[in-house]
Amino acid sequence: YRIRLAEHKAEDLNGAGLVFVKGFPELHKSPYECFQKPAELEEILFSSESSYKMLLVENSQKEIVAATVINFDKTNKSATWELIAVIPEYRGKGIFSKLAEKTDEFIQKSGVDYASLIASTFQKENQQKFEKLGWKIAGIQKGLVIAPNGKGEYYNRQLVVIYGKNYTEDAETLVPEPELTKKGKDLYEALKRINENANEKKI
């Protein structure tokens, strides 16, 4: 398998759109449905104002089997890792892990200070992979996606985990202590303890 940056050509746009249709069907009728549509994907990735980059995974037949999307904010030196998906028949082959590692490296080399991502709470293995790469839990909330239940009906928004990662050594020290209510402070301290314990286990 080969991981590369998406190019401005029909094969990449159509292939990536298909990955998100097959590998992330919940995007349908969500704020992220545009990533399933090649024409809209072209505008997102390749317009003159675009802040998005996409990495693709292709097999030996040059078929696109996985994709990931990152949105860079140069002004704020930050990035949002928007999406990652693997076509179902190619799962269980280590593709997700390799693409996640490459995406993490790609974000780091871009020069940003900080990045964030959202992971579904029912995908425990994916959460563990992000945590191995040094991503820390920043919070838990209901996601934006309302997903189908397989019967033509839709169930409620799943809980999602918000992760963040500092890519520069001084990023943490530059952040002032937040001004929070007591409930907010309790949650903030709890998350700090969780992330510190996770780091200790890795060591």
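The values are calculated or read from the model by the stated rules, or taken from the named source; none is laboratory data. Keep in mind that this is a model prediction, so the values were computed, not measured. Cβ: placed from backbone, ideal geometry, glycine included. Neighbour counts: every protein chain shown.
Considering region 1-94, the qualifying strands (runs of 3 or more DSSP E), each wholly inside and each with 1 or more residues that are acidic (Asp, Glu) and surrounded by 13 or more Cβ atoms within 10 Å (Cβ to Cβ), run over 52-58, 64-73, 78-86.
Here's the yes/no breakdown for (1) under 19 Å from the mean Cα position of the chain (by Cα); (2) not aliphatic (A, V, I, L, M):
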{"position": "4", "(1), (2)": "yes, yes"}
{"position": "7", "(1), (2)": "no, yes"}
{"position": "11", "(1), (2)": "no, yes"}
{"position": "14", "(1), (2)": "no, yes"}
{"position": "27", "(1), (2)": "yes, no"}
{"position": "33", "(1), (2)": "yes, yes"}
{"position": "37", "(1), (2)": "yes, yes"}
{"position": "47", "(1), (2)": "no, yes"}
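Do we have any residue at all in region 163-177 that's closer than 23 Å to residue 21 by Cα, in contact with a strand residue (DSSP E or B) (Cβ under 6 Å, 6 or more places away or on another chain) and either loosely packed, with under 15 Cβ neighbours inside 10 Å or modelled with pLDDT of 90 or more (or both)? No, there is no match, as no residue in region 163-177 is closer than 23 Å to residue 21 by Cα, in contact with a strand residue (DSSP E or B) (Cβ under 6 Å, 6 or more places away or on another chain) and either loosely packed, with under 15 Cβ neighbours inside 10 Å or modelled with pLDDT of 90 or more (or both). Against the numbered list (1) at pLDDT below 95; (2) under 15 Å from the mean Cα position of the chain (by Cα); (3) among the basic types (Lys, Arg), residue 53 comes up short only at (1). When 79, 67, 6 are screened for being small (Gly, Ala, Ser), touching a helix residue (DSSP H, G or I) at 6+ places or on another chain (Cβ under 6 Å) and under 18 Å from residue 93 (Cα atoms), only 67 passes. Condition first: free of Cβ contacts under 8 Å to residues at least 24 places away in the same chain, under 14 Å from the mean Cα position of the chain (by Cα), surrounded by fewer than 19 Cβ atoms within 10 Å (Cβ to Cβ) and part of a loop (DSSP other than H, G, I, E, B). Can you find one or more residues in region 125-140 that meet it? The answer is no, given that none of the residues of region 125-140 is free of Cβ contacts under 8 Å to residues at least 24 places away in the same chain, under 14 Å from the mean Cα position of the chain (by Cα), surrounded by fewer than 19 Cβ atoms within 10 Å (Cβ to Cβ) and part of a loop (DSSP other than H, G, I, E, B).
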